[in-house]
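Read the figures in this text as sums done on the coordinates, not as results from a lab. Being a predicted model, the structure only gives us computed values, none of them experimental.
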């Protein structure tokens, strides 16, 4: 989901950059070896999945996969999503460069929270694995929706309806992605288990 240019007040935009830039810098330090290749692949997944947009007021909704990216990359989530959102802003004018900091934080922060909460569940078997995969989508996506809704609500009453709508429309998206995460992670666990080793923290 993207917030468009010209919607947020300056203080929200500055706050978004202040939170995002250090997180991107820290995440870049964690990129090395195979994780760099994985980050590039997941950034491409995020970029492609986000191309199908459904306009929602001053924002938009689409498949995110930020929860899956958060689970597999954790600290490197910020640079991965920053690059994906940057390319979308430059190539397709989704969101914008001015609000890139805010949009990156909205996507990446809840994804990292999902990683910290559920990464060890993914290494388990049985109900914990399924619950962790499914709930990571809800935490990441609805967390992002909640941040967008809050930021829009703070601009005044004119965007309150948009704020509520953006949050609600992501409930079915989170449900769909939760199911996709289960199958994707189950597949990775079977054919490429070493990719999940980073989840041990």
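In this entry, the range 72-169 is assigned a mean projected area of 7.0 nm², taken as a quarter of its C-alpha convex hull surface.
Out of every Cα-Cα pair that the range 133-201 contains, those further apart than 14 angstrom amount to 65 percent. Size descriptors for the chain (Cα atoms only): Rg and Dmax, in that order, 16.1, 50 Å. Rg of the Cα atoms in the range 63-117, relative to 2.2 N^0.38 Å, amounts to 1.08.
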